[in-house]
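Worksheet: one structure, shown below.
The values are calculated or read from the model by the stated rules, or taken from the named source; none is laboratory data. Please read these numbers as outputs of a predicted model, since none were measured by experiment. All Cβ positions, glycine included, derive from the backbone under ideal geometry; neighbour counts span all protein chains shown.
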Amino acid sequence: MLTQASQGRTYIGRLAQGSDLLAELNRLCDELWISHGEVRAIGAVSRAKVGYYDQVERVYGFIDLDRHLEILSLVGNVSLKDGKPFVHAHVVLGDEQAAAVGGHLAEGCTVFACEAVISELLPQHELSRGLDQGTGLPLWVEEEKP
Ligand code: ZN
């Protein structure tokens, strides 16, 4: 299931030190009303929390990483969930030994420094999230534009 999308607005900037990484990305998308798009970021966090989806139990487990880490790569998308812009992102984090850990970005990552790019996409068909029976996840369901 794919829908063609054209480029909309693009924003670039830094997130405030001490802010929650995921909450701040969601807040910015809400404030700018970016209902569909892409998110990319690099920087560092003073602590992190990432999720891992157990495909058998169908629940997220969350891992607290209470240490200073580099944001080596954050990639994500923006779509609608319950009528509001919703950021789904994954993050790769690096430690002082250059070892990488990562997972599904959860609230609980505290920004030390973060440079982000948010690009709006204008799809032909809106993507909103609904429960997918096959995975148990809130995946995209295509909706005709009114
Ligand atoms: Zn995920």
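Restricting to the stretch 93-120, name every residue that is surrounded by fewer than 21 Cβ atoms within 10 Å (Cβ to Cβ), of a type in the set (A, V, I, L, M) and within 13 Å of the ligand (Cβ to nearest atom).
Ala106
Every residue, every condition in (1) over 21 Å from Ser128 (Cβ atoms); (2) free of Cβ contacts under 8 Å to residues at least 60 places away in the same chain; (3) of a type outside the set (A, V, I, L, M, F, W, C); (4) outside any strand (DSSP E or B), yes or no:
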position	(1), (2), (3), (4)
Met1	no, no, no, yes
Gln17	yes, no, yes, yes
Leu22	no, no, no, yes
Leu25	no, no, no, yes
Ile42	yes, no, no, no
Tyr52	yes, yes, yes, no
Ile63	yes, yes, no, no
Ile71	yes, yes, no, no
Gly76	no, yes, yes, no
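Select, from Val87, Val56, the only residue that is loosely packed, with under 14 Cβ neighbours inside 10 Å and not charged (D, E, K, R).
Just a single option satisfies the conditions, and that option is Val56.
Only one of these conditions is not met by Val56: (1) under 16 Å from Cys114 (Cβ atoms); (2) of a type in the set (A, V, I, L, M, F, W, C); (3) out of contact with any strand residue (DSSP E or B) (no Cβ under 9 Å at 6 or more places or on another chain). Which number is it?
It fails just one condition, (1).
Please indicate, with yes or no, whether at least one residue in the stretch 81-90 is in a strand (DSSP E or B), within 12 Å of the ligand (Cβ to nearest atom), touching a Ser or Thr at 6+ places or on another chain (Cβ under 8 Å) and on the phi < 0 side of the Ramachandran plot.
First, pick out the residues of the stretch 81-90 that are in a strand (DSSP E or B): 81, 84-90.
Retained after the next criterion (residues that are within 12 Å of the ligand (Cβ to nearest atom)): 86-90.
Next, from what is left, pick out any that are touching a Ser or Thr at 6+ places or on another chain (Cβ under 8 Å): 86, 88.
Now narrow it down to the ones that are on the phi < 0 side of the Ramachandran plot: 86, 88.
Checked against the condition, which is being in a strand (DSSP E or B), within 12 Å of the ligand (Cβ to nearest atom), touching a Ser or Thr at 6+ places or on another chain (Cβ under 8 Å) and on the phi < 0 side of the Ramachandran plot, the stretch 81-90 yields at least one hit.
More than 16 Å from the ligand (Cβ to nearest atom), surrounded by 14 or more Cβ atoms within 10 Å (Cβ to Cβ) and either closer than 28 Å to Asp132 by Cα or at pLDDT 95 or above (or both): is that true of Ser35 in this structure?
Here the answer is yes, as Ser35 does meet what is asked.
Which of the following residues is of a type in the set (Gly, Ala, Ser), in contact with a His (Cβ under 6 Å, 6 or more places away or on another chain) and within 21 Å of Leu25 (Cα to Cα): Ser35, Ser128, Ser79? First the steps, then the outcome.
Details: Ser35 fails: in contact with a His (Cβ under 6 Å, 6 or more places away or on another chain); Ser128 fails: in contact with a His (Cβ under 6 Å, 6 or more places away or on another chain).
Only one candidate passes the filter, namely Ser79.
So which residues in the stretch 91-120 are polar (S, T, N, Q) and either in a loop (DSSP other than H, G, I, E, B) or under 18 Å from Gln17 (Cα atoms) (or both), if there are any at all?
Gln97, Thr110
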